[in-house]
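First the structure, in the form of structure tokens, and then the observations on it.
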Amino acid sequence: MSKDNQLLINKNHSTRSWIQVIVVALLLAFIITKFIFNTTVVQGISMEPTLHERDRMICLVYPLYYSDPERGALIIFASPYEKKNYVKRVIGIPGDEVEILNGKVYVNGDLLEENYIHKGLDTLVTMENKWTLGKDEYFVLGDNRHEGASVDSRSIGPVSKESIRSIAKIRYFPFTKMGTL
């Protein structure tokens, strides 16, 4: 075998090896982001004061395969209207009755203690003020309850479990606010 043929065989083997590495890396990236965790960047003011524009979070996907989101969790779900995701807080879980009276949120008749919203801020409603959640339905609200600040269950209705993409767990940027959510 000539040196030229040997060199050509080595180049082909090297190219094939690189292609295999790239394919495996892409496959692993897909599996990790689809079934384990992903990252999300906050867009908008709907979760202030908890989260702010351009905050970055690590969100876990795998809990959705084993359990349901709990009340108080921050979830990422697919918008029913546009090709984007929303970040909101779970207020009501399947079977709950959520009611907003005089600017206050009640879950199953009990006043919800909400230390994550601005003090003295009322939760406004314009149409319906009472929701009974079915199987696999969640009532979600943005932490910013100022008028028009959040597209949430008050306007879009309950969120189905199948539209939930992940559960936000850690804010990693800005570094000064890094920590669990």
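The values are calculated or read from the model by the stated rules, or taken from the named source; none is laboratory data. Every value quoted in this text rests on a predicted model; they were computed, and no experiment measured them. Quick reminder, even Gly has a Cβ in these numbers, built from the backbone with ideal geometry, and neighbours come from all protein chains shown. We work out accessible area using only protein heavy atoms, side chains counted, and drop any ligands, DNA or RNA first. Shrake-Rupley method; radii C 1.70, N 1.55, O 1.52, S 1.80 Å.
Figures for the structure shown
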item: Segments 63-75, 134-146 sorted - mean Cβ within 10 Å per residue, highest first; result: 134-146, 63-75
item: Nearest 10 degrees, 0 to 90: helix 3-35 Cα axis against the chain principal axis; result: 10
item: Of Val21, Val87, Val151, the one that fluctuates the most in a GNM where the chain has Cα springs shorter than 10 Å; result: Val21
item: Rounded to the nearest 20 debye, dipole of the range 83-136 from Cβ charges on Lys, Arg, Asp, Glu; result: 400
item: Dipole magnitude of the range 1-145, debye to nearest 20 (Cβ charges: Lys/Arg +1, Asp/Glu -1, about Cα centre); result: 1020
item: The range 116-181 - accessible surface per residue (Å², probe 1.4 Å); result: 57
item: Most mobile listed residue (Ser153, Ser79, Ser14) in the chain, GNM with C-alpha springs under 10 Å; result: Ser14
item: Of Met57, Met47, Met127, the one that fluctuates the most in a GNM where the chain has Cα springs shorter than 10 Å; result: Met127
item: Positive-end residue, the range 30-152 charge dipole about Cα centroid, Cβ charges, pick of Gln43, Ile32, Met127; result: Ile32
